[in-house]
Amino acid sequence: MKTWWQQLNLREQRLVMVMAATISIFILYGLIWQPLNENIASSKLKIEIERQQALLSWVEDNTKRYKQAKLSSGSRSGASLSSIVNRTSRQNDIIITRMQPQADDLQVWIDEISFNQLLTWLEQLASREGLRVKNIDLSLADEQGVVRVRRLQLGKS
């Protein structure tokens, strides 16, 4: 091999060295770099797939719970508006002055109630009982943070 190398002129020796370097680079790329990159990419893909599968199972579980909660709250919505309002107002220590049915809605009047207590009760009516506020008319009471509900119109969602 040494004699063959020495028989080549300088230009041919350089050409052989360049070709050897090029072939070495291609071998390193094909046998080491490319498989390493493919392995890293596939492991990242596996991790992402596992995360997406975990998210999917979480969504499916919570969807089941949501549907069950909706069905259980739907059984309460079969009750009349006045019975729902009476029951929840008693639970929240709210004194209703007057209630008046109006078509499919219910109008409610409350003399004095803490504004925060009113918001909590309305949120409970909306989220747990499936009722919605169609119209509300408030006025300030003598105490700070207390309001008068002149008219609250509730209806089923």
Inset, instruction - Would you please name the residue that is nearest to the chain's Cα centre (by Cα), looking only at residues in region 99-136 that are outside any strand (DSSP E or B) and exposed (fewer than 14 other Cβ atoms within 10 Å of the Cβ)? - result: 127
Inset, instruction - Would you confirm whether any residue within region 9-18 is within 26 Å of the chain's Cα centre (by Cα), more than 30 Å from residue 122 (Cα to Cα) and β-branched (Val, Ile, Thr)? - result: no
Inset, instruction - Could you please find all residues in region 99-108 being modelled with pLDDT under 90 and of a type in the set (A, V, I, L, M, F, W, C)? - result: 103
Inset, instruction - Run down 91, 7 and say which single residue is out of contact with any helix residue (DSSP H, G or I) (no Cβ under 6 Å at 6 or more places or on another chain), more than 30 Å from residue 142 (Cβ to Cβ) and without any contact (Cβ under 8 Å) to a residue 40 or more places away in the chain. - result: 7
Legend entry - Total residues in region 137-157, condition open to solvent by less than 50 Å² (accessible area, probe 1.4 Å) and either over 23 Å from residue 82 (Cα atoms) or hydroxyl-bearing (Ser, Thr, Tyr) (or both): 4
Inset, instruction - Report those helices (runs of 4 or more DSSP H) wholly inside region 1-98 carrying at least 2 residues which are over 30 Å from residue 115 (Cα atoms), modelled with pLDDT under 90 and open to solvent by 70 Å² or more (accessible area, probe 1.4 Å). - result: 2-7, 34-76
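The values are calculated or read from the model by the stated rules, or taken from the named source; none is laboratory data. Please read all numbers here as calculations on a predicted model, not as lab measurements. When we count neighbours, we look across all protein chains shown, and the Cβ atoms used for this are built from the backbone with ideal geometry, even at glycine. SASA here: full protein model, heavy atoms, side chains in, ligands and nucleic acids out. Shrake-Rupley method; radii C 1.70, N 1.55, O 1.52, S 1.80 Å.
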